[in-house]
Structures are given as C-alpha cells and as structure tokens.
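Here's the structure we're looking at; comments come further down.
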Amino acid sequence: MNVLLIDDDVNLSKIISTQLKNSGFEVTVANSGKDGLSAFKEDGFDIIILDVRMPDISGIEVLRKIRKSNGDIIVIIITAYGSVENALKACRLGADDYLTKPFSREQLLFVIEKANRFRKLQTENLELQQELLDKHRFGNFIAQSAPMEELIKMASQVAVSDATVLIQGESGTGKELLARAIHYNSPRKNKPLITVNCPSIPDNLLESELFGHVKGAFTGAIESRKGKFERADGGTIFLDEIGDLHEDLQAKLLRVLQEQEIELVGGSKSISVNVRVIAATNKNLDELMKSGEFRDDLYYRLSVFPLTIPPLREHKEDIPHFVDLFIQRYGKGNRYDIDPEVISVLQEYHWPGNVRELENVIERALILSTNKKITVDNLPSYILKKERADEKQPEEKDSIVHRKDLSLDKIERGIISEALRRSEGNRSQAARLLKIPRHVLLYRMKKLGLE
C-alpha cells in the first residue's frame, strides 16, 4: 500500500517512514502542507498520514482540500497531546482516525489496519446495497402479460411517492417481492425496510413488537425495547397479512397512520416516527369489513394506493418466462432443454399456489431431470391430471359421498391438513381458517396423528 506522510517534523517523519517501510508499505514524505498537496495531486495513494499543526498550511485545511477531491482515501491525523480537540475536529471533517504523539509502531499499524478494515466494510456495504437495488429493479419483474405490465407500471409510479400502499393477492403471488421493489425504488431506499408477518406473532406480543415497550411494562420486560415502527424510522414498514390483525391493534395502527406517532407499551409519551406503510393481505377485506372483523376507517387509510397482483392462472403467458427464471436460479449455471410439452402442461394447470408453487415444481423438476433435459416425467403427477379432485362436481361418481372408504376421521384429517397447507404450517392461522380455537385444533391434530 502507498502511504503519503505529511509532517513538518523532519526527524519524526524519518522514524515513521522507516517503521512503515519495514512493515511493507511504500512511503512518500512531504514536510509541508503545500508539498503534501502537490504530492497528493501527482500520485495515487491509499493512505495519508497528516500532522494537524504545520507552519504553512494547517492539517485541517489540507484535509479539507483532500476530501474535496477524494472521499475514499484513508486519512489518519497525528497530533500533540494538547491538540486532541483539533484531531476530533478533523475526524468530523472526514478523517478516519487520529493518533496522539508520541505513539509506538504497533499503535500506528493498529490504527492503519483498523481504518483499512472499516473502509473495506463500507465498500462491501455499498456493494450489497447496490445488489439489493439491482435485484429489486422493476425491470427484473416478469411482466410480459397485460395484467402484469399494468401492475408494474402502477407500482413504479407510486414508488417515488410516500403514499401508503395496500397490496392484495392470493398466497404465492409475490406480494412481499412487490413491496420490496416499491421500497428499493423509492427515496427511502437507503433507509430500513422492516417486515412484519402479522399472523406469525402471538396477539399478546404483537403490540410490543410493533410499537416497543418500556422496562417493566409486562412480565419478562426486563429492559426497554424499540418496536418495528421506531426501527423503521425514515424507511418503510411492510405489514404482511394485515387482514389477520387483531381488532385492538387495528385501532392503534390507525392512530399511527393518522398521527405519525407511536406510544410504547407501558409508556406515557408519544414518539414521532416518519415511516411509510406498505400492507398486504390474501384475504378479501371487503368481506371482513362487512362482517365487522376489519375496520372501515383503517382500510381507507391503508388503501390510499391499492395494488392487486393477479393469480398466475390469469396471466399464464408469463409461465415460460418464470420457468426460465427458476432454471437460472436453481440450475447452478447449467443449461437445460425443456420439452415443449412441459410448457403446455404447465399452462393447462390452474396453479392454486401461484408463482411460489410453480417455483417449487421447477426446482423439483431440475432435481429429477437427467441429461440436463426437463420432460413431463419430471413434473408432479397431480399436475399431469386433466382435472383436480377439488374441481369436480359433487354429482360425479367419485364424489365424497360415494367413496367406500368414507369416515369422519378421514374427512376431518383432510380438512385440517388443507388448512395447515394453506397457512404454511402456522397453527394459529389454520385455526382461524377453520373458525375453531387454537387449542381445539391442537387436540384434533394430536388425536388424528397430525403432529
């Protein structure tokens, strides 16, 4: 690494220069601020070690000029013991660290290594942020069909605003993916995106998770804790499955949306927050409002800009493009031939699990494929059937009432299994789907051997 040492103390400069050269650095010495700036302009350096007090130009002024033209180079200030205040001022102006004279060779190398490591972390962080931005560009969305093109057009328009967005769509359609794209294409992209899956958090803990709590607010609250809203300040909070939110919390969320303030559980003071809310649900909120399970006023606050993701069965022309995407994702860089009949079969299927189900099917097909070719034999058997049992009419000869193996336990086992599948194993959500208490569901699961 190339080091530029700027210090008017000739003897100290020789000592530092020797120490650095013995440690493998290439060193250029300048004994005045003016010479240091000239050397900086002529050559490329990785590190600058700069004395604060020099007779011609102060180290602070040299730092200002360096930072004006280069914000990435590492700058370490050296100062006398009585001038620490100047060193701190230099750090506020962009210096990476400082050393107080006298210092040892080990201290010097430690500060250089620490500053270098910190800069590497900064660079990696910027690269990761750029990867996130690239990953969630609207141009990456598969939108060859008219419904998806219109959806992405509207999402890109609302992204640049601060409007609250309500995303509706069946499970597996990509609601969270769209929410992330809206955030990372908004002015808030460099601020936090906090995701909350409402049904996955017990009702008695969800308020604390969202708004935080003070020490002693409830049993187990041994210290104060920030909630999701406070952590998302300046950024975006994504409330997934908002339709499952308890009625009490609906009222408190409405207040946050109206006042842009939160109140910690057990606290008495309000805290202002600047948070954009994106909510999503796979439920029909109109029906929930009619039944009194969802507040009308909250719905209107959330749906300032509603977006509806169409189910996959309504834009089947996008299926070949999704297939290509998932082959790239799971194919480990290999090229695969696809039997044309595979696409035909996939486009005939009705996809109750939407894009997520298609993704699982393609990942499975890649595992089962031979010679880098995907055929219909690699598809699940249920997809190959012309009709699904749940699509048949009740009067058909294989209707449940005509089955010879009919039993109440088998019917109940099937219903509970379906509820657990739809809720992706979340027992509380499955119980709500079945409209039974959670403990009743657990009892029936144990009795039927479904644990």
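Do we have any residue at all in segment 2-21 that's in a loop (DSSP other than H, G, I, E, B), under 44 Å from the mean Cα position of the chain (by Cα) and assigned by TED's automatic domain parsing to the domain that holds GLN107? Before the answer, list the steps.
Here is the first cut: in segment 2-21, the residues in a loop (DSSP other than H, G, I, E, B) are 7-9.
Keeping just the survivors that are under 44 Å from the mean Cα position of the chain (by Cα) gives none.
No, there is no match, as no residue in segment 2-21 is in a loop (DSSP other than H, G, I, E, B), under 44 Å from the mean Cα position of the chain (by Cα) and assigned by TED's automatic domain parsing to the domain that holds GLN107.
Quick check on my filter: what residues within segment 266-275 are surrounded by 15 or more Cβ atoms within 10 Å (Cβ to Cβ), more than 11 Å from THR164 (Cβ to Cβ) and either at pLDDT 90 or above or not small (Gly, Ala, Ser) (or both)?
Result: ILE271, VAL273.
If only one of ARG180, ARG255, ARG231 is in contact with a Pro (Cβ under 9 Å, 6 or more places away or on another chain) and surrounded by fewer than 20 Cβ atoms within 10 Å (Cβ to Cβ), which one is it? Break it down stepwise before answering.
Working: ARG180 fails: in contact with a Pro (Cβ under 9 Å, 6 or more places away or on another chain); ARG255 fails: in contact with a Pro (Cβ under 9 Å, 6 or more places away or on another chain).
ARG231 is the lone residue from the list that is in contact with a Pro (Cβ under 9 Å, 6 or more places away or on another chain) and surrounded by fewer than 20 Cβ atoms within 10 Å (Cβ to Cβ).
Can you go through ILE194, ILE222, ILE278 and tell me which one is at pLDDT below 90 and on the phi < 0 side of the Ramachandran plot? Give the steps one after another, and end with the answer.
Details: ILE194 fails: at pLDDT below 90; ILE278 fails: at pLDDT below 90.
Of ILE194, ILE222, ILE278, the one residue that is at pLDDT below 90 and on the phi < 0 side of the Ramachandran plot is ILE222.
Are there any pairs, at least 6 apart or on different chains, whose C-beta atoms fall under 6 Å, with the first in segment 99-118 and among the charged types (D, E, K, R) and the second at pLDDT below 90, and if so, which?
LYS101/ALA80
Do we find a residue being under 30 Å from LYS65 (Cα atoms) and either loosely packed, with under 15 Cβ neighbours inside 10 Å or not aromatic (Phe, Trp, Tyr) (or both) anywhere in segment 157-168? Show your work before the answer.
Applying the first criterion (under 30 Å from LYS65 (Cα atoms)) to segment 157-168 yields none.
Looking for residues that are under 30 Å from LYS65 (Cα atoms) and either loosely packed, with under 15 Cβ neighbours inside 10 Å or not aromatic (Phe, Trp, Tyr) (or both), one finds none in segment 157-168, hence no.
Which number in (1) in contact with a Phe, Trp or Tyr (Cβ under 8 Å, 6 or more places away or on another chain); (2) closer than 16 Å to ILE167 by Cβ; (3) not hydrophobic (A, V, I, L, M, F, W, C) marks the one condition that GLU263 misses?
Of the numbered conditions (1) in contact with a Phe, Trp or Tyr (Cβ under 8 Å, 6 or more places away or on another chain); (2) closer than 16 Å to ILE167 by Cβ; (3) not hydrophobic (A, V, I, L, M, F, W, C), the odd one out for GLU263 is (2).
Among the residues of segment 68-90, which ones are in a helix (DSSP H, G or I) and exposed (fewer than 15 other Cβ atoms within 10 Å of the Cβ)? Break it down stepwise before answering.
Going through segment 68-90, the residues in a helix (DSSP H, G or I) turn out to be 68-69, 81-90.
If the condition is that a residue be in a helix (DSSP H, G or I) and exposed (fewer than 15 other Cβ atoms within 10 Å of the Cβ), then LYS68, SER69, TYR81, GLY82, VAL84, GLU85, LEU88 are the ones that fit.
For segment 338-376, name all the residues that are outside any helix (DSSP H, G or I) and within 28 Å of the chain's Cα centre (by Cα). Full working, then the answer.
Here is the first cut: in segment 338-376, the ones outside any helix (DSSP H, G or I) are 338-339, 349-353, 369-375.
The answer is TRP351, PRO352, GLY353.
Inside segment 219-231, can you point out the residues that are assigned to a loop (DSSP other than H, G, I, E, B) and either in contact with a Cys (Cβ under 6 Å, 6 or more places away or on another chain) or over 13 Å from ILE271 (Cα atoms) (or both)?
Initial filter on segment 219-231 (assigned to a loop (DSSP other than H, G, I, E, B)): 219-224, 226-227.
Of everything in segment 219-231, those that are assigned to a loop (DSSP other than H, G, I, E, B) and either in contact with a Cys (Cβ under 6 Å, 6 or more places away or on another chain) or over 13 Å from ILE271 (Cα atoms) (or both) turn out to be THR219, GLY220, ALA221, ILE222, GLU223, SER224.
Can you tell me how many residues in segment 24-39 are touching a residue at least 24 places away in the same chain (Cβ under 8 Å) and not in a helix (DSSP H, G or I)?
Kept after step one, since they are touching a residue at least 24 places away in the same chain (Cβ under 8 Å), are these residues of segment 24-39: 25-33, 35-37, 39.
Add one more test, that the residue is not in a helix (DSSP H, G or I), and what stays is 25-32.
Residues flagged as touching a residue at least 24 places away in the same chain (Cβ under 8 Å) and not in a helix (DSSP H, G or I) within segment 24-39 amount to 8.
Could you please give the count of residues in segment 132-172 that are touching a strand residue (DSSP E or B) at 6+ places or on another chain (Cβ under 9 Å) and in a loop (DSSP other than H, G, I, E, B)?
Residues meeting the conditions: 5.
What pairs can you find where one residue is in segment 412-431 and at positive phi, the other is assigned to a loop (DSSP other than H, G, I, E, B), and their Cβ atoms are less than 8 Å apart, with a gap of 6+ or different chains?
GLU424/SER171
Yes or no: segment 138-157 includes at least one residue that is modelled with pLDDT under 85, more than 22 Å from ARG276 (Cβ to Cβ), β-branched (Val, Ile, Thr) and not assigned by TED's automatic domain parsing to the domain that holds PHE305.
Scanning segment 138-157 turns up at least one residue that is modelled with pLDDT under 85, more than 22 Å from ARG276 (Cβ to Cβ), β-branched (Val, Ile, Thr) and not assigned by TED's automatic domain parsing to the domain that holds PHE305.
The values are calculated or read from the model by the stated rules, or taken from the named source; none is laboratory data. Bear in mind that the values here come from a model prediction, so they are computed numbers and not experimental data. Neighbour counts run over all protein chains shown; Cβ positions are idealised from the backbone, glycine included.
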